[in-house]
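Below: one structure, written as C-alpha coordinates.
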Amino acid sequence: MKKSDIDRSTSKQSAGPFSDHSIPKYSALHRRSFIKGAALSAVALQTGIANATGVAPAPNKRDYKRIAVEESWMPPEIFDDIRDMASAKAADEPGMAMLWGEVMRMPGTNKFREIISDISGHRLGVMDATGIDIQLLSLTAPGVQIYEKDKAVAMARLANDRLADGIKAKPDRFAGLAAVAPQDPGEAAKELERGVTKLGLKGAIINSHTKGEYLDDPKFWAIFEAAEALKAPIYLHPRTPSPDMIKPFIDYPLEGAIWGFAAEAGLHALRLILSGVFDKYPNLTIVFGHLGEGLPFWISRIDAQYNGFVLKRSKSPRARKLKRSPRDYFMDNFVITTSGMNWHDEVMFGHKVMGPDKILFAVDHPFEPAGEAVEAVDRLPLSAVDLKKLYQTNAERVFSL
(Lines give C-alpha, C1' and ligand atoms only; values in the text may rest on other atoms or scores of the structure.)
Protein backbone atom coordinates (compact mmCIF):
# COMPACT_ATOMS: atom_id res chain seq x y z
CA MET A 1 0.00 0.00 0.00
CA LYS A 2 1.26 3.44 -0.90
CA LYS A 3 1.67 6.14 1.73
CA SER A 4 -1.10 8.19 0.13
CA ASP A 5 -3.44 5.20 0.43
CA ILE A 6 -2.51 4.80 4.08
CA ASP A 7 -3.21 8.45 4.79
CA ARG A 8 -6.59 8.24 3.10
CA SER A 9 -7.57 5.06 4.90
CA THR A 10 -6.62 6.31 8.34
CA SER A 11 -8.28 9.67 7.78
CA LYS A 12 -11.66 7.95 7.41
CA GLN A 13 -12.07 8.55 11.11
CA SER A 14 -13.19 12.06 10.29
CA ALA A 15 -16.45 10.67 8.91
CA GLY A 16 -17.17 9.16 12.33
CA PRO A 17 -17.09 5.55 13.42
CA PHE A 18 -20.74 5.07 12.50
CA SER A 19 -20.24 5.53 8.79
CA ASP A 20 -20.14 2.15 7.08
CA HIS A 21 -16.95 2.97 5.19
CA SER A 22 -15.10 3.91 8.36
CA ILE A 23 -15.65 0.61 10.18
CA PRO A 24 -13.21 -2.16 9.24
CA LYS A 25 -15.00 -5.05 7.53
CA TYR A 26 -14.16 -8.24 9.41
CA SER A 27 -14.95 -11.61 7.86
CA ALA A 28 -15.99 -13.66 10.90
CA LEU A 29 -18.74 -12.02 12.93
CA HIS A 30 -20.43 -8.85 11.77
CA ARG A 31 -20.55 -5.85 14.10
CA ARG A 32 -23.57 -3.77 14.97
CA SER A 33 -23.69 -0.32 16.49
CA PHE A 34 -25.82 -0.28 19.60
CA ILE A 35 -25.39 3.34 20.50
CA LYS A 36 -25.23 5.68 17.62
CA GLY A 37 -25.49 9.45 17.59
CA ALA A 38 -23.69 12.71 17.81
CA ALA A 39 -24.19 12.89 21.57
CA LEU A 40 -21.17 10.65 22.13
CA SER A 41 -19.90 10.98 18.57
CA ALA A 42 -17.97 7.75 18.93
CA VAL A 43 -19.87 4.85 20.47
CA ALA A 44 -19.55 1.80 18.24
CA LEU A 45 -20.02 -1.37 20.25
CA GLN A 46 -19.58 -4.95 19.15
CA THR A 47 -22.00 -7.78 19.86
CA GLY A 48 -19.50 -10.35 18.72
CA ILE A 49 -15.75 -10.61 18.51
CA ALA A 50 -14.39 -9.39 15.21
CA ASN A 51 -11.96 -11.45 13.20
CA ALA A 52 -8.76 -9.44 13.39
CA THR A 53 -6.85 -11.17 10.60
CA GLY A 54 -4.54 -8.64 8.98
CA VAL A 55 -4.83 -6.24 11.92
CA ALA A 56 -2.99 -7.85 14.81
CA PRO A 57 0.13 -9.96 14.29
CA ALA A 58 0.40 -13.03 16.48
CA PRO A 59 2.26 -12.36 19.75
CA ASN A 60 5.36 -14.24 18.60
CA LYS A 61 5.62 -11.98 15.55
CA ARG A 62 6.47 -8.89 17.60
CA ASP A 63 8.81 -8.08 20.45
CA TYR A 64 6.48 -5.73 22.31
CA LYS A 65 3.18 -5.77 24.13
CA ARG A 66 0.23 -3.64 23.14
CA ILE A 67 -0.95 -1.78 26.24
CA ALA A 68 -4.08 0.34 25.88
CA VAL A 69 -4.33 2.95 28.63
CA GLU A 70 -7.71 4.73 28.33
CA GLU A 71 -10.19 1.90 28.39
CA SER A 72 -13.57 2.73 29.84
CA TRP A 73 -15.33 0.78 32.55
CA MET A 74 -18.29 1.42 34.82
CA PRO A 75 -19.95 -0.76 37.47
CA PRO A 76 -23.67 -1.37 36.98
CA GLU A 77 -24.63 0.65 40.06
CA ILE A 78 -23.12 3.85 38.67
CA PHE A 79 -24.48 3.15 35.20
CA ASP A 80 -27.99 2.82 36.64
CA ASP A 81 -27.60 6.00 38.68
CA ILE A 82 -26.51 7.92 35.60
CA ARG A 83 -29.49 6.57 33.70
CA ASP A 84 -31.84 7.73 36.47
CA MET A 85 -30.22 11.17 36.72
CA ALA A 86 -30.29 11.64 32.97
CA SER A 87 -33.96 10.68 32.85
CA ALA A 88 -34.66 13.21 35.59
CA LYS A 89 -32.72 15.86 33.61
CA ALA A 90 -30.61 16.89 36.60
CA ALA A 91 -30.63 20.69 36.65
CA ASP A 92 -27.11 21.00 38.07
CA GLU A 93 -25.67 18.73 35.37
CA PRO A 94 -27.25 19.91 32.09
CA GLY A 95 -24.47 18.45 29.96
CA MET A 96 -24.63 15.05 31.56
CA ALA A 97 -28.42 15.03 31.39
CA MET A 98 -28.44 16.09 27.72
CA LEU A 99 -25.74 13.66 26.58
CA TRP A 100 -26.68 10.60 28.59
CA GLY A 101 -30.39 11.29 28.24
CA GLU A 102 -30.08 10.85 24.49
CA VAL A 103 -27.77 7.87 24.82
CA MET A 104 -30.10 6.09 27.24
CA ARG A 105 -33.01 6.42 24.81
CA MET A 106 -31.10 4.73 22.00
CA PRO A 107 -31.60 1.07 21.13
CA GLY A 108 -29.18 -1.31 22.81
CA THR A 109 -28.73 0.53 26.10
CA ASN A 110 -28.93 -2.67 28.16
CA LYS A 111 -26.31 -4.30 25.97
CA PHE A 112 -24.11 -1.23 26.39
CA ARG A 113 -24.50 -1.57 30.17
CA GLU A 114 -23.35 -5.18 29.91
CA ILE A 115 -20.34 -4.34 27.75
CA ILE A 116 -19.03 -1.37 29.70
CA SER A 117 -19.32 -3.14 33.07
CA ASP A 118 -17.61 -6.27 31.76
CA ILE A 119 -13.97 -6.99 32.51
CA SER A 120 -13.01 -10.49 31.45
CA GLY A 121 -15.78 -11.61 29.09
CA HIS A 122 -16.57 -9.71 25.89
CA ARG A 123 -13.80 -7.21 26.61
CA LEU A 124 -11.15 -9.92 26.75
CA GLY A 125 -12.41 -11.41 23.51
CA VAL A 126 -12.04 -8.07 21.72
CA MET A 127 -8.51 -7.73 23.10
CA ASP A 128 -7.57 -11.20 21.89
CA ALA A 129 -9.04 -10.57 18.46
CA THR A 130 -7.17 -7.30 17.98
CA GLY A 131 -3.84 -8.19 19.58
CA ILE A 132 -4.13 -5.99 22.67
CA ASP A 133 -2.25 -7.56 25.54
CA ILE A 134 -3.23 -5.29 28.45
CA GLN A 135 -6.00 -2.79 29.11
CA LEU A 136 -5.69 -0.11 31.79
CA LEU A 137 -9.27 0.29 33.01
CA SER A 138 -10.78 3.43 34.52
CA LEU A 139 -14.18 4.71 35.54
CA THR A 140 -15.50 6.62 32.57
CA ALA A 141 -17.11 10.06 32.58
CA PRO A 142 -18.93 11.50 34.38
CA GLY A 143 -17.66 9.15 37.07
CA VAL A 144 -18.47 9.91 40.70
CA GLN A 145 -18.35 13.67 40.20
CA ILE A 146 -22.08 13.95 39.61
CA TYR A 147 -22.85 13.06 43.24
CA GLU A 148 -23.05 14.91 46.50
CA LYS A 149 -20.00 14.48 48.73
CA ASP A 150 -20.88 11.46 50.87
CA LYS A 151 -22.31 9.44 48.01
CA ALA A 152 -19.37 10.34 45.79
CA VAL A 153 -16.89 9.04 48.37
CA ALA A 154 -18.87 5.82 48.83
CA MET A 155 -19.26 5.24 45.09
CA ALA A 156 -15.53 5.77 44.50
CA ARG A 157 -14.72 3.11 47.09
CA LEU A 158 -17.28 0.73 45.59
CA ALA A 159 -15.93 1.26 42.09
CA ASN A 160 -12.34 0.70 43.18
CA ASP A 161 -13.14 -2.46 45.11
CA ARG A 162 -15.09 -3.86 42.14
CA LEU A 163 -12.35 -2.94 39.71
CA ALA A 164 -9.58 -4.45 41.84
CA ASP A 165 -11.57 -7.67 42.23
CA GLY A 166 -12.12 -7.89 38.49
CA ILE A 167 -8.45 -7.34 37.75
CA LYS A 168 -7.47 -10.16 40.12
CA ALA A 169 -9.11 -12.67 37.79
CA LYS A 170 -6.77 -11.68 34.93
CA PRO A 171 -3.85 -9.72 36.41
CA ASP A 172 -1.71 -10.38 33.35
CA ARG A 173 -4.30 -8.70 31.08
CA PHE A 174 -5.72 -5.86 33.15
CA ALA A 175 -4.64 -3.01 35.40
CA GLY A 176 -6.65 -0.08 36.67
CA LEU A 177 -6.86 3.48 37.94
CA ALA A 178 -8.55 4.52 41.17
CA ALA A 179 -11.64 6.69 41.08
CA VAL A 180 -11.53 9.51 43.63
CA ALA A 181 -14.13 12.05 44.73
CA PRO A 182 -12.81 15.63 44.58
CA GLN A 183 -15.96 16.69 46.46
CA ASP A 184 -13.98 15.67 49.58
CA PRO A 185 -10.30 16.30 48.76
CA GLY A 186 -9.00 14.76 51.99
CA GLU A 187 -10.96 11.55 51.43
CA ALA A 188 -9.91 11.58 47.76
CA ALA A 189 -6.26 11.65 48.81
CA LYS A 190 -6.86 8.77 51.23
CA GLU A 191 -8.70 6.77 48.58
CA LEU A 192 -5.90 7.29 46.10
CA GLU A 193 -3.43 6.00 48.68
CA ARG A 194 -5.66 3.00 49.42
CA GLY A 195 -6.12 2.32 45.73
CA VAL A 196 -2.39 2.34 45.03
CA THR A 197 -0.99 0.72 48.20
CA LYS A 198 -3.80 -1.71 49.09
CA LEU A 199 -5.63 -2.48 45.86
CA GLY A 200 -2.69 -2.37 43.45
CA LEU A 201 -4.19 0.33 41.23
CA LYS A 202 -1.81 2.43 39.14
CA GLY A 203 -2.92 6.03 39.62
CA ALA A 204 -6.12 8.04 39.62
CA ILE A 205 -8.84 8.88 37.15
CA ILE A 206 -10.55 12.27 37.53
CA ASN A 207 -13.28 13.08 35.06
CA SER A 208 -12.46 16.78 34.81
CA HIS A 209 -14.68 19.35 36.53
CA THR A 210 -16.68 18.53 39.65
CA LYS A 211 -20.03 20.30 39.48
CA GLY A 212 -18.37 23.17 37.65
CA GLU A 213 -15.30 23.40 39.88
CA TYR A 214 -11.80 22.81 38.55
CA LEU A 215 -8.77 21.28 40.22
CA ASP A 216 -6.74 24.50 40.04
CA ASP A 217 -8.57 25.61 43.20
CA PRO A 218 -6.08 25.05 46.06
CA LYS A 219 -8.78 23.32 48.09
CA PHE A 220 -8.26 20.29 45.81
CA TRP A 221 -4.48 20.19 46.04
CA ALA A 222 -4.36 17.50 48.72
CA ILE A 223 -5.08 15.16 45.81
CA PHE A 224 -1.99 16.38 43.94
CA GLU A 225 0.12 16.14 47.09
CA ALA A 226 -0.89 12.50 47.52
CA ALA A 227 -0.36 11.70 43.84
CA GLU A 228 3.13 13.18 43.82
CA ALA A 229 4.11 11.40 47.04
CA LEU A 230 2.84 8.09 45.66
CA LYS A 231 4.41 8.73 42.24
CA ALA A 232 0.92 8.06 40.90
CA PRO A 233 -0.18 9.71 37.65
CA ILE A 234 -3.58 11.37 37.35
CA TYR A 235 -5.53 10.70 34.17
CA LEU A 236 -7.49 13.89 33.53
CA HIS A 237 -10.39 12.63 31.45
CA PRO A 238 -12.85 14.95 29.70
CA ARG A 239 -16.56 15.26 30.25
CA THR A 240 -19.30 17.56 29.06
CA PRO A 241 -18.65 21.26 29.69
CA SER A 242 -19.48 22.74 33.07
CA PRO A 243 -22.84 24.43 33.71
CA ASP A 244 -21.28 27.87 33.20
CA MET A 245 -19.72 26.81 29.90
CA ILE A 246 -22.22 24.56 28.22
CA LYS A 247 -24.96 26.78 26.80
CA PRO A 248 -23.43 27.45 23.34
CA PHE A 249 -22.68 23.73 22.95
CA ILE A 250 -26.16 22.33 23.43
CA ASP A 251 -27.98 24.20 20.67
CA TYR A 252 -26.38 21.56 18.49
CA PRO A 253 -25.02 18.21 19.77
CA LEU A 254 -21.57 19.70 20.44
CA GLU A 255 -21.24 18.89 24.12
CA GLY A 256 -19.73 15.42 23.70
CA ALA A 257 -16.69 13.96 21.97
CA ILE A 258 -17.41 15.90 18.79
CA TRP A 259 -15.98 19.07 20.42
CA GLY A 260 -17.18 19.76 23.97
CA PHE A 261 -14.96 17.16 25.61
CA ALA A 262 -11.77 18.59 24.12
CA ALA A 263 -12.75 22.22 24.77
CA GLU A 264 -13.59 21.46 28.39
CA ALA A 265 -10.56 19.30 29.16
CA GLY A 266 -8.15 21.64 27.37
CA LEU A 267 -9.46 24.52 29.46
CA HIS A 268 -8.99 22.46 32.62
CA ALA A 269 -5.38 21.67 31.75
CA LEU A 270 -4.59 25.34 31.09
CA ARG A 271 -6.17 26.33 34.38
CA LEU A 272 -3.86 23.85 36.13
CA ILE A 273 -0.79 25.18 34.33
CA LEU A 274 -1.52 28.84 34.95
CA SER A 275 -2.51 28.30 38.59
CA GLY A 276 1.01 27.26 39.59
CA VAL A 277 0.10 23.66 40.47
CA PHE A 278 3.28 22.39 38.83
CA ASP A 279 5.47 24.88 40.65
CA LYS A 280 4.24 23.40 43.92
CA TYR A 281 4.21 19.79 42.69
CA PRO A 282 6.94 19.63 40.04
CA ASN A 283 6.95 15.83 39.86
CA LEU A 284 3.21 15.50 39.26
CA THR A 285 2.25 13.66 36.07
CA ILE A 286 -1.01 14.34 34.24
CA VAL A 287 -2.09 11.91 31.54
CA PHE A 288 -4.16 13.56 28.83
CA GLY A 289 -6.10 11.62 26.23
CA HIS A 290 -7.16 12.24 22.64
CA LEU A 291 -3.66 13.43 21.69
CA GLY A 292 -3.68 16.14 24.33
CA GLU A 293 -7.17 17.57 23.69
CA GLY A 294 -5.81 19.98 21.08
CA LEU A 295 -3.11 21.56 23.26
CA PRO A 296 -0.08 20.24 21.33
CA PHE A 297 -1.38 22.13 18.29
CA TRP A 298 -1.93 25.34 20.27
CA ILE A 299 0.94 25.21 22.76
CA SER A 300 3.30 27.54 20.88
CA ARG A 301 0.63 30.25 20.62
CA ILE A 302 -0.40 29.76 24.24
CA ASP A 303 3.21 30.17 25.28
CA ALA A 304 3.77 33.27 23.17
CA GLN A 305 0.56 34.95 24.30
CA TYR A 306 1.16 34.25 27.97
CA ASN A 307 4.78 35.45 27.96
CA GLY A 308 4.38 38.29 25.49
CA PHE A 309 0.91 39.73 25.96
CA VAL A 310 -0.48 38.58 29.31
CA LEU A 311 2.65 39.19 31.38
CA LYS A 312 4.46 41.98 29.53
CA ARG A 313 2.06 44.12 27.54
CA SER A 314 -1.24 43.81 29.39
CA LYS A 315 0.37 43.15 32.78
CA SER A 316 -2.89 41.51 33.75
CA PRO A 317 -3.47 41.43 37.50
CA ARG A 318 -5.16 38.07 36.96
CA ALA A 319 -1.95 36.45 35.73
CA ARG A 320 0.22 34.52 38.12
CA LYS A 321 3.96 34.77 37.44
CA LEU A 322 5.13 31.21 36.99
CA LYS A 323 8.61 29.84 37.47
CA ARG A 324 8.58 28.42 33.95
CA SER A 325 6.78 28.83 30.66
CA PRO A 326 3.38 27.15 30.00
CA ARG A 327 4.99 25.11 27.25
CA ASP A 328 7.58 23.77 29.68
CA TYR A 329 4.94 22.52 32.09
CA PHE A 330 2.97 20.89 29.31
CA MET A 331 6.01 19.15 27.89
CA ASP A 332 7.37 18.03 31.28
CA ASN A 333 4.30 17.30 33.40
CA PHE A 334 1.92 15.89 30.79
CA VAL A 335 1.91 12.78 28.68
CA ILE A 336 -0.66 12.24 25.94
CA THR A 337 -2.45 9.20 24.60
CA THR A 338 -3.84 8.30 21.20
CA SER A 339 -7.35 7.44 22.44
CA GLY A 340 -9.90 7.90 19.69
CA MET A 341 -7.42 9.59 17.35
CA ASN A 342 -6.44 7.30 14.50
CA TRP A 343 -5.57 9.66 11.66
CA HIS A 344 -1.95 9.27 10.58
CA ASP A 345 -1.21 13.01 10.35
CA GLU A 346 -2.53 13.94 13.79
CA VAL A 347 -0.84 11.03 15.57
CA MET A 348 2.50 11.82 13.95
CA PHE A 349 2.09 15.50 14.83
CA GLY A 350 1.50 14.58 18.48
CA HIS A 351 4.49 12.28 18.38
CA LYS A 352 6.71 14.99 16.94
CA VAL A 353 5.59 17.72 19.36
CA MET A 354 5.70 15.66 22.55
CA GLY A 355 8.57 13.36 21.61
CA PRO A 356 8.69 9.55 21.54
CA ASP A 357 8.74 9.19 25.34
CA LYS A 358 5.57 11.21 25.94
CA ILE A 359 2.90 9.47 23.87
CA LEU A 360 1.04 6.28 24.80
CA PHE A 361 -1.31 3.99 22.92
CA ALA A 362 -5.01 3.91 23.84
CA VAL A 363 -8.20 2.78 22.15
CA ASP A 364 -11.03 4.29 24.26
CA HIS A 365 -12.86 0.97 24.31
CA PRO A 366 -15.80 0.47 23.98
CA PHE A 367 -16.43 3.91 22.49
CA GLU A 368 -13.94 3.35 19.66
CA PRO A 369 -13.12 0.26 17.56
CA ALA A 370 -10.01 -1.51 18.80
CA GLY A 371 -9.04 -3.02 15.45
CA GLU A 372 -9.01 0.38 13.78
CA ALA A 373 -6.78 1.83 16.50
CA VAL A 374 -4.26 -1.00 16.27
CA GLU A 375 -4.20 -0.91 12.49
CA ALA A 376 -3.60 2.85 12.49
CA VAL A 377 -0.63 2.65 14.86
CA ASP A 378 0.87 -0.35 13.08
CA ARG A 379 0.97 1.71 9.88
CA LEU A 380 2.82 4.67 11.41
CA PRO A 381 6.30 5.34 9.99
CA LEU A 382 8.01 4.79 13.34
CA SER A 383 11.23 3.00 14.14
CA ALA A 384 10.97 -0.30 15.99
CA VAL A 385 12.24 1.44 19.13
CA ASP A 386 9.66 4.24 18.97
CA LEU A 387 6.82 1.84 18.16
CA LYS A 388 7.67 -0.23 21.23
CA LYS A 389 7.73 2.94 23.33
CA LEU A 390 4.31 4.00 22.08
CA TYR A 391 2.74 0.58 22.61
CA GLN A 392 4.50 -0.67 25.71
CA THR A 393 7.44 0.88 27.49
CA ASN A 394 6.05 4.40 27.95
CA ALA A 395 2.94 2.94 29.60
CA GLU A 396 5.04 0.69 31.80
CA ARG A 397 7.10 3.68 32.96
CA VAL A 398 4.23 6.12 33.50
CA PHE A 399 1.92 3.66 35.26
CA SER A 400 4.53 1.44 36.95
CA LEU A 401 3.16 -1.63 35.21
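Worth a mention:
- Just one residue in the set Val374, Val363, Val335 is surrounded by 18 or more Cβ atoms within 10 Å (Cβ to Cβ), touching a residue at least 40 places away in the same chain (Cβ under 8 Å) and in a strand (DSSP E or B); that residue is Val335.
- Single residue of Pro369, Pro381 found to be crowded, with 20+ Cβ neighbours inside 10 Å, out of contact with any Ser or Thr (no Cβ under 7 Å at 6 or more places or on another chain) and more than 22 Å from Leu177 (Cβ to Cβ): Pro369
- Within the stretch 169-188, the set of residues being within 21 Å of the chain's Cα centre (by Cα) and outside any loop (DSSP other than H, G, I, E, B) comprises Phe174, Ala175, Gly176, Ala178, Ala179, Ala188.
- Selection over the stretch 286-305 of residues that are in a loop (DSSP other than H, G, I, E, B) and over 16 Å from Asn207 (Cα atoms) gives a count of 1.
- Of the residues making up the stretch 112-140, just one is of a type in the set (Gly, Ala, Ser), closer than 30 Å to Lys388 by Cβ and under 17 Å from the mean Cα position of the chain (by Cα), namely Ser138.
- Any pair with Cβ under 7 angstrom, 6 or more apart, that starts in the stretch 342-358 at a residue that is in a helix (DSSP H, G or I) and ends at one that is β-branched (Val, Ile, Thr): His344/Ile6; His344/Thr10; Val347/Thr338; Gly350/Ile336; Gly350/Ile359; His351/Ile359; Met354/Ile336
- Filtered residues of the stretch 184-207 (kept if in contact (Cβ under 8 Å) with a residue 40 or more places away in the chain and within 18 Å of Lys151 (Cα to Cα)): Leu192, Ile205, Ile206, Asn207
- Evaluation of Gly203 against (1) out of contact with any strand residue (DSSP E or B) (no Cβ under 8 Å at 6 or more places or on another chain); (2) under 24 Å from Asp364 (Cβ atoms); (3) not polar (S, T, N, Q) (one fails), failing number: (1)
Rundown of residues vs (1) surrounded by fewer than 24 Cβ atoms within 10 Å (Cβ to Cβ); (2) on the phi > 0 side of the Ramachandran plot; (3) touching a helix residue (DSSP H, G or I) at 6+ places or on another chain (Cβ under 8 Å), yes/no style:
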position	(1), (2), (3)
Gly121	yes, no, no
Leu124	yes, no, no
Asp133	yes, no, yes
Thr140	yes, no, yes
Ile146	no, no, yes
Arg162	yes, no, no
Pro171	yes, no, no
Val180	no, no, yes
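- Selection within the stretch 66-104 - assigned to a loop (DSSP other than H, G, I, E, B), in contact with a Ser or Thr (Cβ under 9 Å, 6 or more places away or on another chain) and either among the basic types (Lys, Arg) or modelled with pLDDT under 90 (or both): Arg66, Glu93
- Scope the stretch 288-329; condition crowded, with 18+ Cβ neighbours inside 10 Å and in contact with a Gly (Cβ under 8 Å, 6 or more places away or on another chain); matching residues: Gly289, His290, Leu291, Gly292, Glu293, Leu295, Pro296, Leu322
- Tallying residues that are outside any helix (DSSP H, G or I), over 22 Å from Gln392 (Cβ atoms) and small (Gly, Ala, Ser) within the stretch 125-167 yields 2.
The values are calculated or read from the model by the stated rules, or taken from the named source; none is laboratory data. As the structure is a prediction and not an experimental result, all values here were calculated from the model. No Cβ is skipped: glycine too gets one built from the backbone with ideal geometry, and neighbour counts run over all protein chains shown.
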